[in-house]
Amino acid sequence: MKSAHAALFLLALVLVASPSGGMAANTAGECSVIMLSPGGRCIQRACSLLCAESFDGGIGGCIDAQRCECSYFCM
């Protein structure tokens, strides 16, 4: 369990620099962030859990083999 928490923590720390600076406004009140997995592989369950915990109920999904995208409501 400790290794899973450590992996989630590391995943949260590594933000991918995108043309929009890693954060993008999708629609009014909706934001997203793209994170790079430090292990080199995005795991759907870990991505989903990380987004839900880090962004107050955010929704996450792997967008490719290495990146996790979290969508969440922002003000």
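The values are calculated or read from the model by the stated rules, or taken from the named source; none is laboratory data. Note that the structure is a prediction, hence the values are computed from the model and not measured. Every residue, glycine among them, receives a Cβ derived from its backbone with ideal geometry; neighbour counts consider all protein chains shown.
Among SER37, SER32, which is the only one that is at pLDDT 90 or above and under 10 Å from the mean Cα position of the chain (by Cα)?
On the way: SER37 fails: at pLDDT 90 or above.
Result of the check over SER37, SER32: SER32.
Being outside any helix (DSSP H, G or I), in contact (Cβ under 8 Å) with a residue 40 or more places away in the chain, surrounded by fewer than 17 Cβ atoms within 10 Å (Cβ to Cβ) and not small (Gly, Ala, Ser) is the filter here, so list the residues in segment 28-66 that pass it. So that I can check it myself, show each step before the final result.
The initial filter retains those residues of segment 28-66 that are outside any helix (DSSP H, G or I), namely 28-43, 55-66.
If we keep only those that are in contact (Cβ under 8 Å) with a residue 40 or more places away in the chain as well, we get 29-32.
Next cut, surrounded by fewer than 17 Cβ atoms within 10 Å (Cβ to Cβ) only: 29-30.
If the condition is that a residue be outside any helix (DSSP H, G or I), in contact (Cβ under 8 Å) with a residue 40 or more places away in the chain, surrounded by fewer than 17 Cβ atoms within 10 Å (Cβ to Cβ) and not small (Gly, Ala, Ser), then GLU30 is the only one that fits.
For SER71, state whether it is at pLDDT 95 or above, hydroxyl-bearing (Ser, Thr, Tyr) and not in a loop (DSSP other than H, G, I, E, B). Even if it seems obvious, please write down each step before you answer.
Working: at pLDDT 95 or above: yes; hydroxyl-bearing (Ser, Thr, Tyr): yes; not in a loop (DSSP other than H, G, I, E, B): yes.
In short, yes.
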